[in-house]
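Single-structure report; data block below.
The values are calculated or read from the model by the stated rules, or taken from the named source; none is laboratory data. Remember, predicted model here, so these are calculated numbers, not experimental data. Please note: Cβ atoms are built from the backbone with ideal geometry, for glycine as well, and neighbour counts cover all protein chains shown. Areas reflect the complete protein model, heavy atoms only, side chains present, ligands, DNA and RNA absent. Shrake-Rupley method; radii C 1.70, N 1.55, O 1.52, S 1.80 Å.
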Amino acid sequence: VLPLSIRSFSPQWMEKPFYTYDRLRQELAGYGTTGDYGPDREVDVEEDQPLDEYARYEAEFPMLGKRGLLDVEQEIKSLKHDPERRHLRPRLAYIFFYLFRFTRQHPYLALWQELFAVAARAGVRVFVYIMPVNVERCRTEVGPEFDRVFGQNAGLLRDFVAEQTERHGLRVADFLEVMGRGCFYDYTEHLNQQGRQRFQELLRPEVLAALG
């Protein structure tokens, strides 16, 4: 049972050395995979690693232009303590989390493709669920540009999952846009009690059907 988060493809996750991408590359290498998912980075994946390397990365974002990733993160945090500009925090966070440039050449897609192939060769059934995003709040805070860019990214991810399903017989549940804004804490993607209850109601029958 594998959760798939669209935010995990963002530069924020990809370029932090101790985040998901490099950790999964190392773990998959233990299963005899090629590990050839993009440029090698000589990094330590321990979570106490300094962010010096992360601070060097920049990315292009709509409405923001080219920004340093650590600079954007620090601005999001600083807005929490600025009463006059605090209202800008959700907008900046949503752009940073979800409106990144996403293509089929993304190295994380290659990693998922290899993972599905490993499972298929081992005869392991795979159930993938796409995790929910607070799209209602995102549209309110960001405006029409959110639907344009997020729609492209979501479409690319769904097309990829559909191709892998046809190739490897995955079972998939798509919860990306099914949860209302009342199901999330504040501006984040984290589910509150109402959201967790609703998500459990949606996820449980899908998992049971996959196991059956």
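Summary of computed values
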{"item": "Tally, over segment 168-188, of residues that are of a type in the set (Ser, Thr, Tyr) and surrounded by fewer than 18 Cβ atoms within 10 Å (Cβ to Cβ)", "result": "2"}
{"item": "Selection status of TYR129, of a type in the set (Ser, Thr, Tyr) and modelled with pLDDT of 95 or more", "result": "yes"}
{"item": "Scope segment 58-69; condition crowded, with 17+ Cβ neighbours inside 10 Å and not in a strand (DSSP E or B); matching residues", "result": "LEU69"}
{"item": "Of all residues making up segment 189-212, the number that are in contact with a helix residue (DSSP H, G or I) (Cβ under 8 Å, 6 or more places away or on another chain) and open to solvent by less than 100 Å² (accessible area, probe 1.4 Å)", "result": "5"}
{"item": "Qualifying residues in segment 187-210 (those that are in contact with a Phe, Trp or Tyr (Cβ under 8 Å, 6 or more places away or on another chain) and assigned to a helix (DSSP H, G or I)) - the one nearest to ALA120 (Cα to Cα)", "result": "ALA210"}
{"item": "Members of segment 99-116 found to be at pLDDT below 90 and over 17 Å from the mean Cα position of the chain (by Cα), listed by number", "result": "GLU114"}
{"item": "Residues satisfying the stated conditions in segment 127-175, i.e. without any contact (Cβ under 8 Å) to a residue 60 or more places away in the chain and in a loop (DSSP other than H, G, I, E, B)", "result": "ASN134, GLY143, GLY169, LEU170, PHE175"}
{"item": "Some residue of segment 176-186 being in contact (Cβ under 8 Å) with a residue 60 or more places away in the chain, closer than 28 Å to LYS80 by Cβ, in a helix (DSSP H, G or I) and not acidic (Asp, Glu)", "result": "no"}
{"item": "Scope segment 98-154; condition open to solvent by 30 Å² or more (accessible area, probe 1.4 Å), of a type outside the set (A, V, I, L, M) and farther than 30 Å from MET63 by Cα; matching residues", "result": "GLN113, GLU114, ARG121, GLY123, ARG125, TYR129"}
{"item": "Test: ALA93 is of a type in the set (Gly, Ala, Ser), at pLDDT 90 or above and within 21 Å of the chain's Cα centre (by Cα)", "result": "yes"}
{"item": "Positions within segment 70-95 being touching an Asp or Glu at 6+ places or on another chain (Cβ under 8 Å) and open to solvent by less than 50 Å² (accessible area, probe 1.4 Å), in sequence order", "result": "PRO90, LEU92, TYR94"}
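Residues checked against (1) closer than 20 Å to PRO3 by Cα; (2) β-branched (Val, Ile, Thr):
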site: GLY68; (1), (2): no, no
site: LYS80; (1), (2): no, no
site: VAL118; (1), (2): yes, yes
site: HIS168; (1), (2): yes, no
site: ALA173; (1), (2): yes, no
